[in-house]
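Worksheet: one structure, shown below.
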Amino acid sequence: MDDTDLKILKMLRDNSRESLGKISEVLGISKATVSRRLARIEQEGYITGYTTITNPGKLGVMKGIISLEIMGTAVNAVIEQLRSFKEIESVMRVFGDHGLICIAYSRSVDSLYELIQNQILNIPNVHNVEVDIVIDRMIINPNAELDMSKAPGIR
């Protein structure tokens, strides 16, 4: 991974549908070079997918961050149970006060409460649950991850 690869990633982070021609024009390299570099970046696992960012409010849903305190070493079992809930988008294993943090969507505060009280708290080894409702998301530095990757050890 060099500076040119990082520039390609930054352009794709801004617009994952950016054309190879536009990337090559901005970076001053050939379209074939961009294509080869992008194929290598994907093959080496730096890019794991392309996605669309949606607006939950426009879709009529709210986003919640649910933090779970897990008793003992049952994290994997809890994750397996969480997979059955359609409201849960993703789960992150974390170090800190909670073992897992979930991103969940619901149509109302009441339905989020129902999910937590009647389903999540009934999972064995889930000891405590905290929830935050996301009001707004402001990207401060969309390239923070890429900027930090310039640390020693990245070629």
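We did not get these values from a lab; they are worked out from the coordinates using the rules stated. Everything numeric here is computed off the predicted structure, so don't read it as measured data. All Cβ positions, glycine included, derive from the backbone under ideal geometry; neighbour counts span all protein chains shown.
Using only DSSP helix segments of four residues or longer, with each worth -39500 (n - 2.57), what per-residue ellipticity at 222 nm results for the chain after dividing by its residue count and rounding to 500? The partial results should precede the final answer.
Numbers: 7 runs with 60 residues, N = 155.
Calculated from helices alone, the mean residue ellipticity at 222 nm is -10500 deg cm²/dmol.
Under the Karplus relation 6.51 cos²θ - 1.76 cosθ + 1.60, θ = phi - 60°, what is the ordered set of whole-Hz ³J(HN,Hα) values for region 133-142, x standing for Gly and Pro?
Taking θ as phi minus 60°, the curve returns 9, 6, 8, 7, 10, 10, 6, 8, 9, x Hz for region 133-142.
To one decimal place, what Kirkwood hydrodynamic radius in Å is obtained for region 11-100 from all pairs of distinct Cα atoms? Present the calculation step by step, with values, prior to reporting the outcome.
Numbers: mean 1/r = 0.0589 Å⁻¹.
After inverting the mean inverse Cα-Cα distance, the result is 17.0 Å.
So I have (1) 22, 18, 16; (2) 38, 19, 13; (3) 31, 18, 13, and one of them is semi-axes √(5λ) of the Cα gyration tensor in Å calculated from this model. Which one is it?
Only one listed value fits the structure, namely (2).
Would you order His98, His127 from fewest to most other beta-carbon atoms within 10 Å of each residue's own beta-carbon? Write down the numbers at each step before the final one.
Values: His98 19, His127 12.
Arranged by neighbour count, lowest to highest, His98, His127 become His127, His98.
Calculate, for Val26 and Glu145, the FRET efficiency according to 1/(1 + (r/R0)^6) with r their C-beta to C-beta distance and R0 22 Å; round to the nearest 0.05.
On the way: r = 20 Å, r/R0 = 0.93.
Efficiency, rounded to the nearest 0.05: 0.60.
Divide, for region 3-51, the radius of gyration over alpha carbons by 2.2 N^0.38 Å, where N is the residue count. Don't skip to the end; give the middle numbers.
Numbers: Rg = 9.8 Å, N = 49, 2.2 N^0.38 = 9.7 Å.
Here the answer is 1.01, to two decimals.
Decide, for region 100-151, between rounded, prolate and oblate: order the square roots of the alpha carbon gyration tensor eigenvalues as a ≥ b ≥ c, take rounded if a/c falls under 1.5, and otherwise choose prolate if a/b is larger than b/c, else oblate.
Working: a/c = 4.46, a/b = 1.92, b/c = 2.32.
Cα axes put region 100-151 in the oblate bin.
May I ask you to derive the relative contact order of the chain, considering only C-alpha pairs under 8 Å and at least 6 residues apart, and to give it as an integer percent? Intermediate results must be reported in sequence, preceding the final value.
Working: 161 pairs, mean separation 40.3, N = 155.
After rounding, I find 26 percent.
Taking 7 Å along the Cα-to-C-beta vector as the label spot, tell me the Thr52-Lys7 distance in nanometres, rounded to one decimal.
3.1 nm
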